[in-house]
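Below is one structure, written out as structure tokens; the observations come after it.
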Ligand code: AMP
């Protein structure tokens, strides 16, 4: 009998799942897939450990599945494919662990209630992350569940790096920089020794460039600074999020344009970034394929801002040994990697064009003062590792 850890990563309209076999010291990927389009056109798809299709179902346009129904469907699918495997724990991605949770924890009902209180800090993610924990607890009350946080990796940052220049009474309420994408950065930090001793032990900036995007400055694999702050809307422009914004703009939108807080939330989270600037799409592939001048401008702004933030984080590290690009755009787009590296050429970065086109992993020349790498991230495997560690310690 093989023990299995299930990882659930739930968003507003999708639930991704990955089953990992515990094979000696290793975690091996088994069945994995997702239900997406929960409230518009639900679609379930699953693959086995060899990447072969293992199941698919469409509910049709206009159909709706609740998160509960989605999880029940995944659960039934996994049960029918269980063989002689035994589910020993479920690990969840939880975007916000606040000041208190600096590492993954057993998600008891009390812990989940406490995490619920952080919903105002991540209104678009936290409730969807917590829902599956409660649903699974109702289905399997004795199955250990583990909450793994996107903020935890950044708790190593100094008080200085986490502070806003606000009065202490406001800071005391938890208004500070938290940083996100921590599971991705932690995975990269653990992978770096396999690629480069200098990048693993030195001063490294990791660029997580996906639908959400941020940079993390690491020293010897520990987070020193991040472009994301109090919420996951800060820092770089993203698919639909605006990134850093003069707070005066929010006041202008409220007072002069009479926008409601809800309309402003929609604007900065869902209608800005690559989508808002281009008016074409928030999807980088579509922008790269578009001839529209605004699509070009959106990409220009995106790479310009990456360059500025690399400069800021290099200053926080007082130098730079390596730059690592990861996530959907960082792993797959040679053009954006080239343009981001060009923005940081003044730091002594020299890209190897052929290696970049070939997909790396090392994409800098031997004479480059800074190493540049493109390394695939794996947040779900990081969740599975944390889940295993928490359960092993029970
Ligand atoms: P993620 O959130 O990590 O899945 O990343 C999603 C982003 O990666 C979207 O903007 C995609 O357009 C982008 N992406 C994925 N593959 C490519 C590619 N081959 N070239 C450019 N962008 C890509």
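The values are calculated or read from the model by the stated rules, or taken from the named source; none is laboratory data. Everything numeric here is computed off the predicted structure, so don't read it as measured data. Here the Cβ is made from the backbone with ideal geometry for all residues, glycine too, and neighbour counts use every protein chain on show.
Report, by residue number, each residue of region 38-54 that is crowded, with 16+ Cβ neighbours inside 10 Å and either free of Cβ contacts under 8 Å to residues at least 12 places away in the same chain or more than 20 Å from residue 380 (Cα to Cα) (or both).
Residues satisfying the conditions are 38, 42, 43.
Would you confirm whether or not region 368-385 contains a residue that is away from the ligand (no atom under 16 Å from the Cβ), within 28 Å of residue 104 (Cα to Cα), in contact (Cβ under 8 Å) with a residue 40 or more places away in the chain and within 18 Å of the chain's Cα centre (by Cα)?
Within region 368-385, one or more residues are away from the ligand (no atom under 16 Å from the Cβ), within 28 Å of residue 104 (Cα to Cα), in contact (Cβ under 8 Å) with a residue 40 or more places away in the chain and within 18 Å of the chain's Cα centre (by Cα).
Test residue 210 against the criterion of being over 23 Å from residue 99 (Cβ atoms), touching a helix residue (DSSP H, G or I) at 6+ places or on another chain (Cβ under 7 Å) and within 16 Å of the ligand (Cβ to nearest atom), and give yes or no.
yes
Can you pull out every residue in region 314-330 that is surrounded by fewer than 22 Cβ atoms within 10 Å (Cβ to Cβ) and either under 20 Å from residue 365 (Cβ atoms) or out of contact with any strand residue (DSSP E or B) (no Cβ under 6 Å at 6 or more places or on another chain) (or both)?
Across region 314-330, the qualifying residues are 314, 315, 318, 319, 321, 328.
Please work out which residue is farthest from residue 213 (Cα to Cα), limiting yourself to region 261-289 and to residues that are near the ligand (Cβ under 10 Å from one of its atoms) and not in a helix (DSSP H, G or I).
This residue is 281.
Just one of 299, 336, 310 is assigned to a helix (DSSP H, G or I), crowded, with 18+ Cβ neighbours inside 10 Å, in contact (Cβ under 8 Å) with a residue 60 or more places away in the chain and within 12 Å of the ligand (Cβ to nearest atom); which is it?
Details: 299 fails: in contact (Cβ under 8 Å) with a residue 60 or more places away in the chain; 310 fails: within 12 Å of the ligand (Cβ to nearest atom).
The unique qualifying residue is 336.
When you go through (1) within 20 Å of the chain's Cα centre (by Cα); (2) part of a loop (DSSP other than H, G, I, E, B) one by one for residue 40, which number turns out not to apply?
The number of the failed condition is (1).
For region 101-117, check the following and say yes or no: at least one residue is within 16 Å of the ligand (Cβ to nearest atom) and within 20 Å of the chain's Cα centre (by Cα).
Looking through region 101-117, none of the residues is within 16 Å of the ligand (Cβ to nearest atom) and within 20 Å of the chain's Cα centre (by Cα).
Based on this model, can you work out whether residue 209 counts as within 16 Å of the chain's Cα centre (by Cα) and closer than 20 Å to residue 363 by Cβ?
yes
Would you call residue 227 away from the ligand (no atom under 15 Å from the Cβ), crowded, with 18+ Cβ neighbours inside 10 Å and at pLDDT below 95?
No; evaluated as a whole, the condition is false for this residue.
Six or more apart or on different chains, Cβ atoms under 6 Å: show the pairs whose first residue is in region 198-214 and closer than 12 Å to residue 317 by Cβ and touching a residue at least 40 places away in the same chain (Cβ under 8 Å) and whose second is within 16 Å of the ligand (Cβ to nearest atom) and assigned to a strand (DSSP E or B).
Listed pairs, sorted by first residue: 205/215; 206/216; 206/324.
If you go through region 317-331 one residue at a time, do you hit one that is more than 30 Å from residue 20 (Cα to Cα) and in a helix (DSSP H, G or I)?
The answer is yes; a qualifying residue exists.
Any idea which residue in region 91-130 is nearest to residue 144 (Cα to Cα), counting only those that are in contact (Cβ under 8 Å) with a residue 40 or more places away in the chain and loosely packed, with under 15 Cβ neighbours inside 10 Å?
Result: 103.
Hey, among the residues in region 159-203 that are loosely packed, with under 12 Cβ neighbours inside 10 Å and closer than 25 Å to residue 383 by Cα, which one's nearest to the chain's Cα centre (by Cα)?
194
Do any residues in region 280-291 that are within 19 Å of residue 241 (Cβ to Cβ) and without any contact (Cβ under 8 Å) to a residue 60 or more places away in the chain have Cβ atoms under 8 Å from those of residues that are in a loop (DSSP other than H, G, I, E, B) and more than 7 Å from the ligand (Cβ to nearest atom), where the two are at least six apart or on different chains, and which pairs are they?
Matching pairs, first to second residue: 280/290; 280/292; 281/290; 286/280; 287/280; 287/281.
Can you name the number of the only condition in (1) without any contact (Cβ under 8 Å) to a residue 60 or more places away in the chain; (2) touching a helix residue (DSSP H, G or I) at 6+ places or on another chain (Cβ under 8 Å) that residue 70 fails?
Here residue 70 clears every test but (2).
Does at least one position in region 224-238 carry a residue that is under 14 Å from residue 313 (Cβ atoms) and out of contact with any strand residue (DSSP E or B) (no Cβ under 7 Å at 6 or more places or on another chain)?
Yes - at least one qualifying residue is present in region 224-238.
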